[in-house]
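Worksheet: one structure, shown below.
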Amino acid sequence: MSMKFTKTKTKETSLKPAKKAVKKQASPQSDPSRVAILSVRSSEGNLLSCDVVLARIADGRPEILDSESFVGMSGMADARSWIEQNLVARTVVMLAGSDVICRTLKLPPASMDQLEMALRLQVENIVLGGAARWRTNSALLPTADPDHDRIGLVVDWPVSNAGPFLPSSFKDQLEIIYAPPIAALVAFVTGAILQGNRESLAVHLERATGAISIAYSDGIHSAFRTLREDGTDETEWRASVIRSTSETLMLADIPEQSIQPAVDALKAVLLEQTDGLIAPLAGSFPSFRTLAESSSTDDLWWQRNGILIGTAVALSGPLARITSLKENIAVQHKEFLARMVAAASTPKIAIRIAIAALLCIAIAPPALSGSRLLYLQWFLPDAPAYERTLIRTDKQNAMYRDYEKIAWPMGKLLSDLASSTPEGIELESIALTQGSPMTVQGNAKPQGGSTAAEAILLMERQLRESRVFDRIEKNWDAPNANGVLKFTISATVANPLLVPNYPETQDFAARTLRDRRYGPAVTDVRSAGLAKSGEAASAPTNSKNSANDEEPPPDVVSVAKPDASTSTAPEGSATSESGAQTSNASAAGNPSDSRALQRRSSSAGTAAPDAARRGRGGGGDDSTAIPPPLSTQQISAMTQAEAREAIGRVSKARGVPNPDPAVEARLRQEFYLLLEQAKKR
């Protein structure tokens, strides 16, 4: 079928000879307002037919100039010649309805700039980089009431869908864009609503591909959808079209009183037509015809070419963006590259290029090597010394690597063993030899609320968690009367060079055992002058204290050397014997501390005579008198220096033998309060 509405003829004349006229004749200029819209029908890569509509778009309104149909394998070549003859500037190829994904977005009333910005943001959130930008576009649908919510239409042509088959000879040097059928349907229904129709429904069916495109609008509600169904069986095809249309209208919240009449009208039309453009509602086709000038009034022509007319209407309005999809991004400077290739194909220029290439191959490598050598000489002026340093460093590294294989860092391994030994474990012997398992023997004492066996198990776990030791074996004897266990632990040194990251509870370098038990030591030099007399002050050991309730070490309270002028009375031997008996009794109660108690008893013998005399009120000075009671408020008001002086006096008073129990309890309480006050900064 061919219907021509406007014919344009050109006549060319030339006064010069024909041969020269062929050389100087200028190619005809295309008309930017002319657009050719194609609908290609093919099956398994074979072209069946091609329908083309020629339109002029000017002043926002399309004018149909001509239409043509081409059949057979040569149809695309004939269509290309027909397009060139009509001086077409743009060529639009229709996609199948199932090739695109259609989405609608509802936007609140706002200015056009704000709506466009919001629509772009919504599109970016939906697509999220999953589609090519030249295959995705969006547009705001026209409306007669800008105070109502606006509808944005987003069309996405996935890269996985190749689109209609077009020979390369047809696409060569043609500006081709692609349009989905849904754009034409939306242009029809929105245009009909703007012309005063109460509602409008348009459906485009492609029986060959099973694609269905649906568009509906009543001015308030809108529904747009593209999908694919099986179109092999005609009865099933009709049922699929009706079912898809009903679902689309219901999903868009179209009123029920509008859905049923539209579906009934569609059923009636499907009895006679199952392909092409369908406008089931009364008065739809006349409304569509008024949107384009010089269009045909034949309904059969509209059923076949109506989708092309709708695309022309969309190109002339705000929906032009969704009818301008591209298959691939345009290559920049393609003509320039083509000219360069054509110029290089001439013999004269090809010889020059070959000579330049040979010169580059011969000169470029030496030039680059020389430049690199100059740069290295400038960057590293004393290269021999640098080379000697590298050789020496490599030799040292090789030596250290060999040394690591044959020698162990014994000091580091002992430090790892100490960090893995918890409180309550006393080591008596350590056997550590290069290449042999480590053997440790010692005693385990109950610590706090844990037993000696739990301390051994804790040591085993900490040794294993350090990853320095492996294959740990342990055994112990039965506990004695005090719960002390003698144990033996053997372990293999697996990673002698590994530096574990111990927690603070195991790192005795970060926090020493003394700080854990008694708190930070007092380092003020003035604490050494608390005891100015020649007597030594020592705090007796309270057998009632638990393992965790110990008095501070001697460095908190200074101990002065005994005065050389003080004579030793005969009573000193008795006192010494008393002190020795006390030490022996303590040692019997705790065998593990016997050595320390022996040292204390031996050193206490020198101070015992003076202490005995002071206890009996002998020839000692008045500094041994019991200090007056101190209240908590008085202690809290003391400075650090005053607290230290008071500690010295209380310590001396606590050294008096056979004190009154009440006084001893008061002095003990004051001692600890003063000690806490002295620690404050």
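Here are a few things to note about the model shown:
- Verdict on residue 524 being of a type in the set (Asp, Glu) and modelled with pLDDT under 80: yes
- Residues in region 363-384 that are assigned to a helix (DSSP H, G or I) and loosely packed, with under 10 Cβ neighbours inside 10 Å: 366, 378, 379, 384.
- Considering region 631-679, the qualifying helices (runs of 4 or more DSSP H), each wholly inside and each with 3 or more residues that are without any contact (Cβ under 8 Å) to a residue 12 or more places away in the chain, run over 632-637, 661-679.
- Of the criteria (1) at pLDDT 90 or above; (2) surrounded by fewer than 15 Cβ atoms within 10 Å (Cβ to Cβ), which one residue 345 fails: (1)
- Taking region 158-173 as the range and being part of a loop (DSSP other than H, G, I, E, B), crowded, with 17+ Cβ neighbours inside 10 Å and of a type outside the set (Gly, Ala, Ser) as the test, the residues that pass are 164, 166.
- Looking only at residues in region 191-204 that are in contact with a Phe, Trp or Tyr (Cβ under 8 Å, 6 or more places away or on another chain) and surrounded by 24 or more Cβ atoms within 10 Å (Cβ to Cβ), the one that is nearest to residue 278 (Cα to Cα) is 202.
- Filtering region 138-165 to residues that are within 39 Å of the chain's Cα centre (by Cα) and of a type in the set (Val, Ile, Thr) leaves 151, 154, 155, 159.
- Whichever residue in region 268-291 is among the β-branched types (Val, Ile, Thr) and under 18 Å from residue 181 (Cα atoms) and, among such residues, is surrounded by the most Cβ atoms within 10 Å (Cβ to Cβ): 278
- All strands (runs of 3 or more DSSP E) inside region 1-105 with 1 or more residues being at pLDDT 85 or above, closer than 25 Å to residue 276 by Cβ and more than 54 Å from the chain's Cα centre (by Cα): 61-71
So that you can scan it fast, the table gives a plain yes or no per residue for (1) under 18 Å from residue 503 (Cβ atoms); (2) surrounded by fewer than 18 Cβ atoms within 10 Å (Cβ to Cβ); (3) of a type outside the set (Gly, Ala, Ser):
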site: 414; (1), (2), (3): no, yes, yes
site: 443; (1), (2), (3): no, no, yes
site: 453; (1), (2), (3): no, yes, no
site: 468; (1), (2), (3): yes, no, yes
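- Considering residues of region 315-330 that are touching a residue at least 24 places away in the same chain (Cβ under 8 Å) and outside any helix (DSSP H, G or I) only, the residue surrounded by the most Cβ atoms within 10 Å (Cβ to Cβ): 325
- Residues of region 128-157 that turn out to be surrounded by fewer than 17 Cβ atoms within 10 Å (Cβ to Cβ) and either among the aliphatic types (A, V, I, L, M) or not assigned by TED's automatic domain parsing to the domain that holds residue 226 (or both), as a count: 3
- Of the criteria (1) crowded, with 18+ Cβ neighbours inside 10 Å; (2) not in a helix (DSSP H, G or I); (3) not polar (S, T, N, Q), which one residue 188 fails: (2)
- Tally, over region 483-504, of residues that are polar (S, T, N, Q) and surrounded by fewer than 12 Cβ atoms within 10 Å (Cβ to Cβ): 1
- Residue within region 260-267 that is crowded, with 17+ Cβ neighbours inside 10 Å and small (Gly, Ala, Ser) present: yes
- Lone qualifier among 297, 245, 311 - being over 29 Å from residue 210 (Cβ atoms), assigned by TED's automatic domain parsing to the domain that holds residue 204 and β-branched (Val, Ile, Thr): 297
- Residue identified as over 21 Å from residue 320 (Cβ atoms) and among the β-branched types (Val, Ile, Thr) among 154, 159: 159
- Residues of region 455-477 that are assigned to a loop (DSSP other than H, G, I, E, B) and touching a strand residue (DSSP E or B) at 6+ places or on another chain (Cβ under 8 Å): 468, 477.
- Annotation note: of 312, 320, the sole residue that is within 19 Å of residue 90 (Cα to Cα), of a type outside the set (Val, Ile, Thr), modelled with pLDDT of 85 or more and more than 47 Å from the chain's Cα centre (by Cα) is 312.
- Region 478-507: number of residues that are of a type outside the set (D, E, K, R), under 16 Å from residue 419 (Cα atoms) and outside any strand (DSSP E or B): 11
- Restricting attention to region 107-151, the residues being within 18 Å of residue 189 (Cβ to Cβ), at pLDDT below 85 and of a type in the set (D, E, K, R) number 2.
- Residue within region 213-226 that is among the aromatic types (Phe, Trp, Tyr) and outside any helix (DSSP H, G or I) present: yes
The values are calculated or read from the model by the stated rules, or taken from the named source; none is laboratory data. Just so it is clear, the structure is predicted and the values come from calculations on it, not from any experiment. Cβ coordinates were reconstructed from backbone atoms using ideal geometry, including for glycine residues, and neighbour counts include every protein chain displayed.
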